[in-house]
Structures are given as C-alpha cells and as structure tokens.
Amino acid sequence: MEPRPPAWPLLCLLLLLCSPCCPGVGAQSYTDFKLLQPQGPVVVTTRETLTLNCTTSESGPVGPVKWLKGWGNGNETIYDQKGSFPPRVMRVVNGSSTDFTIRIRDVRIEDAGTYHCVKFRKGTFGDVLFQHGEGTEVLVHARPSEPAMSGPRRRAVPGQSVPFTCSTGGFFPRDIQLKWLKNGTPVRAEPPLIGPETPNSSYHASSTVQVTLRENDLRSELTCEVQHSTLAAPLTRTYALGRALRVPPSVSVAAAPPGAVEVNKTVNFTCRVQGFYPGAVTVTWLENGTEMNAGSAPQPTETSRGLFELRSTVTVQAGEEKNGSRFTCRVLHEDQEPISSTGTLRVAATAQWDPSDGSTGDSKNLIYVAVGVVCTVLALLVIAILYLIRTKQSKGKSSPSARLHEPEKSSGTTTTQESDPNNLTYADLNFAKEKKSIRRIIELSQQSEYACIQSNSSSSSSQQPTSSDNLTYADLDMVHLSKAPRRPPPRPEESSSEYASVQIQRQ
Ligand SMILES: *[C@@H]1O[C@H](CO)[C@@H](O)[C@H](O)[C@H]1NC(C)=O
Ligand SMILES: *[C@@H]1O[C@H](CO)[C@@H](O)[C@H](O)[C@H]1NC(C)=O
Ligand SMILES: *[C@@H]1O[C@H](CO)[C@@H](O)[C@H](O)[C@H]1NC(C)=O
Ligand SMILES: *[C@@H]1O[C@H](CO)[C@@H](O)[C@H](O)[C@H]1NC(C)=O
C-alpha cells in the first residue's frame, strides 16, 4: 500500500460516518461494553443451589457469553450461551441478553473453584475472548453425615472396658469436633482421626472411646456428638449400653422341704436364676448327670434394676432307690459356659415303727408319760406331807382330843376316856371344807347329828356286849373329848367355829 498522508483523516471520517450503517465493520472497538461479575467468594453447602451473578451491557460484539470454571489450562465450560451445558446448570433469566446469572443445582464438593463470566467475540477462526469478569471463588462446604456408632462385637461383663467408635463423613471443611457423653456427662476421648488428605474432597472422621461397663449401666446411654461449621445444631447418635452388657446369672438350687425326707414323700428342687441380662436363659435339669424332662421353661421376669430372674422347679418322689441322687440345674446364658448348681436328695432311713406315726410322735408320747409320772409323784408327796402335818397337829392338840376311828378304840373308850372321870365326851369335828358355813353347823346341831358314843361307867373296862350295842361310833376325823358336863348343842361360835361337837351320853 502506498501511503497517502492526506487520505488518513478522510478514511477515518468515512469510517466514523459509516459506522452506524455498517455495524460489522464498527464492531472493532465497543469500548463502552461492560461485563459485571459482582460476587466475591461464595460459600455454598452441598446439595444446595449456587447462584453466580453476571450482567453485561446491551451493546457488544457478536459472540456468546460463557461461564468458565478455572482459568488457563484445564478450564471447564460450565455454561455456554450458544452451546450445550450440564443439566444441573440453568439461567436465572432465560433468554436475557444482559443478565447471564446462572444457577447450579445440587452442588457437589467438586463444584468448588473460581468461576468466570466471559464474553466472546466472533472471530475468523472461532470465538475470541473479548471481556471477562473478575471471577467468583466458590467454596463448597459439606455437612457431615449422620454419625454412626459401633460397640463391642461381643457383650462384655461388668468391669470390662470396651471400645465404642463414632464416625461421620462427607464433611468440608476439615475442622470437626466429636464429643462423647455418658448419660449427659462428657467422657474423655482421644482426638478424632480425620482423612483423607486430598484437596477438594470431603473428609471423614472417627473417634474411639473406652468405656468401663458397670452393672448399673443397663439403662445408661453413650452419646456421640458431632459439631461442624455447616451444622446449626450438633448431630448426635446414642448407644444404649445395655446392648453391650452381659450380666451373668447367679444359680442356686434349694430343696423343699430341706433335709432328709421320708420315703415316698415328694421333694421340690427349685433353681433360682437371678440377676442376669439379657433376659434369655436356657434352664436344663439333670438327674445324676442325665438330662430330665422338667416341663415347660418359666419366663424370666424383669426386676426394677433391669436385670432378669426366674425360678424353675422339679418335683421328685423320694423313692428309696433315689437316696443321694443329685439334681443339677444347668443355666445357659448368651452362649457362655453353663452355670450349674446341684441339690442332693436325702431319703431318711426307714423307721421300725409305723411310718405314719413318725418318730416325733413317739417321743412326744414319752414326754407325756414322763410328765404324768412326775406329776403323780409330786401329788403323792404333797398328800403325804399334808398328812404328816395333820397328824402332827392333831397330836399337838393334846389330851382332850381322841381318835374315834376305830371301833376298838371307841369300844375301849380309849385310854383318855378311861382316865376321864366325867365320862362325858365331846368330839369336835373339823370341817375343813366348810369354813364359813355357820348355818350348817347350826343345822348340824339342830338335827342332832352328834355322834353319840355311849359309854357306861362299866364301859371303861370295855367288855360288855350290851354296851357295845348301845354304842354309837362316830367316824370322825378328829374328835375332842370334853370333860365338861352335858351341854346344849353348841351354838355357832363367834369366830366361825369350825367345830362340831360330839356328845357322848352317859347311861
Ligand atoms: C444475582 O442475580 C439475582 C438474579 O438476577 C439477583 O436476584 C441477585 O440479587 C443478584 N445478586 C447479586 C449479589 O448481585
Ligand atoms: C480454556 O482452555 C482452552 C483449551 O482447553 C484454551 O484454548 C483456552 O485458551 C482456555 N481459555 C482460557 C480463558 O483460559
Ligand atoms: C413307696 O411306694 C412304693 C410304690 O409306690 C411301695 O411299693 C412302697 O411300699 C412304698 N414305701 C413306703 C415306705 O411307703
Ligand atoms: C440315705 O443315705 C444316707 C447316707 O447317705 C443314710 O444315712 C440314709 O440311711 C439313707 N436312707 C435310706 C432310706 O437308705
């Protein structure tokens, strides 16, 4: 080209004049074209929707607007105004030539990155980058998954220390807290293990705690608490410690009645299975090591502490041949070694006497006999003593009294009567049983129930048969012979006299 200096301004003027009517040529500059990507860094949580704002001015060169993720090599077209794009991406204002805001649904961890809104200009060899936004950094956060908890593979007995593990995953960023609580009280644990250490991927974490189980932990709860920046409230998972606990039963066998039993009586052997958890046991009875049919198994009952117990009973007839038989209660709990307890049947040796009477009855009879004998002996002794005392008393009452029991005595009118010159003899009677009955004494006197003992003057020699006919004997216990002359029947005496007078008439 041959430059002609005067031609340049003319060309410029021509171009300026022509530009409104020839846009294809005037598209070279578009200095007033503006593209705005206003957002700074954006944080979005997985499964949520990300919005990326981009607006342009109306006028611009021919060419599409695109959203690119990343810059330089390895950039990725997320949205293309003229091309295809993933189904998760959509325009907010469809068909707009100024608002190129897009939305990305169901955000994933791998959506994290820097997004650029780019305006391309149609070139001879494809689209040429014309203008782009400053880029929006997108941080994808991920919520941790619901924590999972695992206990020991086998149940542990009280006192054992067992591990519990809590794990969660899929969270971003890396920072996370896993806390342990037993019945609401924090439990110390090692810091959680977090991985993997690869960029732009979510993390997982796990924490293990050792818990020493106790018998009263049956209703305890172990809680794992997960705290993360994406969570408004911590995630928790609870483990019932009863699931990890096994309380073995105590087993004891008792016989009822206890001790040796008589032949052919029945004996109940009761097996008490106590304080076990969980509440499933298998009870078998063995007689001298051989399994016996004990009928249906009773159901365990739950105690207030959450442990279980049951009783199983077998009834045995105490045949003589079963003396010394061993009855074993064998309890199987949770696939452990069986726990056993044994009772022995004792048959009492056969007695010689009637077995229905029993030895106890005989000894009772013996006791009764002995008591009877002792009582009789005592009674006899008392009588003898009383008798002795009486005889002594009667002797002590001296001369006037005489015994008229025996006919010989009275017939002989006794020595006292012999010596008695008056021959008038009174016999005083002692009514031991009727101390207070004065009237009776009067009656006695009125009815003249005097014992009349006739004695003549000659009777002193005591040999007349006639006199013996007239003689009346009084069968009296104690008789006082009075020397006083004949008197009227004695009046009741002032001090409740207990004497009856026997008048012996003289002929
Ligand atoms: C992004 O675009 C949407 C839709 O046009 C709009 O509602 C929102 O306010 C914009 N946000 C910003 C930060 O410009
Ligand atoms: C995007 O990548 C392509 C090749 O894959 C490259 O030609 C282009 O220049 C890149 N664009 C930007 C804006 O880096
Ligand atoms: C016990 O019972 C058996 C048969 O039932 C009988 O033969 C035996 O005499 C009984 N023994 C006694 C002491 O009752
Ligand atoms: C049962 O055995 C005990 C001792 O083992 C013995 O004293 C008892 O006499 C026995 N009873 C019978 C009925 O044989």
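Bear in mind these aren't lab numbers, they're just calculated from the coordinates by the rules spelled out. Given the structure is predicted, the values throughout are model-derived calculations rather than measurements. Glycine also receives a Cβ, built like all others from the backbone with ideal geometry; neighbour counts cover every protein chain displayed.
What is the extension gain from residue 45 to residue 30, computed as 0.36 nm multiplied by their sequence separation minus the C-alpha to C-alpha distance, in nm to one decimal?
1.5 nm
Amide H neighbours of residue 265 under 5 Å, counting only residues 5+ apart in sequence or on other chains, H built in-plane at 1.01 Å?
318
Among 304, 161, 145, what is the fewest-to-most ranking by other Cβ atoms within 10 Å?
304, 161, 145
Got a sec? Charge dipole of segment 39-103, +1 on Cβ for Lys and Arg, -1 for Asp and Glu; which of 97, 46, 72 is way out at the positive end?
Going by the Cα projections, it comes out as 46.
Give a residue-ordered list of calculated ³J(HN,Hα) values for segment 151-165 (Karplus: 6.51 cos²θ - 1.76 cosθ + 1.60, θ = phi - 60°; whole Hz; x for Gly, Pro).
x, x, 5, 10, 5, 10, 8, x, x, 7, 9, 10, x, 10, 10
I need the per residue convex hull volume for segment 208-254, using only the alpha carbons, in cubic angstrom as a whole number.
81
Report the rotationally averaged projected area of segment 68-171 based on its alpha-carbon convex hull, in square nanometres.
Averaging across all directions leaves 11.0 nm² for the Cα convex hull.
By count of other Cβ within 10 Å, fewest leading, how are 82, 182, 122 ordered?
Ascending Cβ contact count within 10 Å gives the list 82, 122, 182.
Tell me which residues come under 5 Å, amide H to amide H, from residue 162 once H is placed; ignore anything under 5 positions away on its chain.
For residue 162, the qualifying residues are 211, 212, 213.
Per residue Cα convex hull volume for segment 148-244, in cubic angstrom?
With only Cα atoms used, segment 148-244 gives 90 Å³ per residue.
For segment 149-266, with the dipole built from +1 on Lys and Arg beta-carbon atoms and -1 on Asp and Glu ones, taken about the Cα centre, which of 176, 266, 218 lies farthest toward the positive end?
About the Cα centre, the residue reaching furthest to the positive side is 266.
Can you give me the long-range amide H partners of residue 36? Hydrogens built in the peptide plane at 1.01 Å from N, cutoff under 5 Å, separation of 5 or more residues or another chain.
55, 56
Please state the charge dipole magnitude for segment 252-364, taken about the Cα centre, from unit charges on C-beta atoms (+1 on K and R, -1 on D and E), reported in debye and rounded to the nearest 20.
Using only the charged Cβ atoms, the result is roughly 220 debye.
Taking segment 252-364 on its own, what percent of its Cα-Cα pair distances exceed 22 Å?
Distances greater than 22 Å cover 41 percent of the Cα pairs.
Only counting other Cβ atoms within 10 Å, I'd like 197, 137 sorted with the fewest neighbours first.
The fewest-first ordering by Cβ neighbours comes to 197, 137.
Based on the inverse mean of 1/r over its pairs of different Cα atoms, what is the Kirkwood hydrodynamic radius of segment 34-113, in Å?
With all distinct Cα pairs of segment 34-113 included, I get 13.4 Å.
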